[in-house]
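In what follows, a single structure is set out as structure tokens and then discussed.
The values are calculated or read from the model by the stated rules, or taken from the named source; none is laboratory data. Note that this is a predicted model, so its numbers are computed, not measured. Here the Cβ is made from the backbone with ideal geometry for all residues, glycine too, and neighbour counts use every protein chain on show. Areas reflect the complete protein model, heavy atoms only, side chains present, ligands, DNA and RNA absent. Shrake-Rupley method; radii C 1.70, N 1.55, O 1.52, S 1.80 Å.
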Amino acid sequence: MDHLLTVTGQSAAPATPTTLATESLYERKHLQEWVIANPEILGDSVLVVTAEYDRWADTDGVPARDRLDVLGLDTTGQLVVAELKRGMADRDVHLQAITYAALVSRFSLDTLAEAHHDFLARRGEPLGLDDCRKRLLDHVGGELSPEVLRRPRR
């Protein structure tokens with residue numbers, strides 16, 4: 001179990017438990033941005049591919065309304081799905097993460113490059129589509145296995 005401490009000079013005491021809501025921190029504005037700025041929280045050497053991804057369609061072709069909070073890629077080529085919650089999550093959050101994992105398991109290098117391109121553009125960091133594709137491939141050592149892409153972790 002991890003323990004959080006408040007350190008003052010030479011002394012340390014257990015930190016007082018709190019919540020994001022109590023501290024006036026929000027899921028997208030604060031928690032999500034912190035995860036994007038600190039992707040190591042998702043695992044060693046994870047590159048954030050996109051956030052707030054909502055460009056998939058249901059099986060009937062109707063655009064899905066769900067948004068994946070953060071999608072990362074580790075150096076083995078495995079996708080990392082992160083569904084963030086500000087407070088206590090209900091029982092359906094597991095189903096939500098599994099649904100997103102199933103949806104991204106169909107992604108190809110081109111889908112990922114386009115998502116990364118759009119993500120960077122929204123953040124004011126424009127990078128060409130070919131450069132995004134190269135960044136993804138460089139991150140995984142040059143080759144992205146479709147078999148590994150089909151098995152995201154959540």
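Here are some notes:
- Accessible surface of the chain, 1.4 Å probe, proportion on carbon and sulfur as whole %: 52
- Dipole check for the chain: with +1 at the C-beta of Lys and Arg, -1 at the C-beta of Asp and Glu, and the Cα centre as origin, the magnitude is about 180 Debye.
- Helical contribution to [θ] at 222 nm, DSSP H n ≥ 4, -39,500 (n - 2.57), averaged over the chain, rounded to 500: -8500 deg cm²/dmol
- Top of Thr50, Thr18, Thr99 by mean-square fluctuation, Gaussian network on the chain, Cα under 10 Å: Thr18
- Projecting the Cα atoms of His116, Val148, Leu136 onto the charge dipole of the range 114-153 (Cβ charges, centred on the Cα centre) puts Val148 farthest toward the positive pole.
- Helix 109-122 vs. the chain, principal-axis angle (Cα, 0 to 90°, nearest 10): 50
- The fraction of Cα-Cα pairs per 10 angstrom bin, counted from 0 for the chain, comes to 10, 35, 33, 15, 7, 1, 0 percent, rounded to whole percents.
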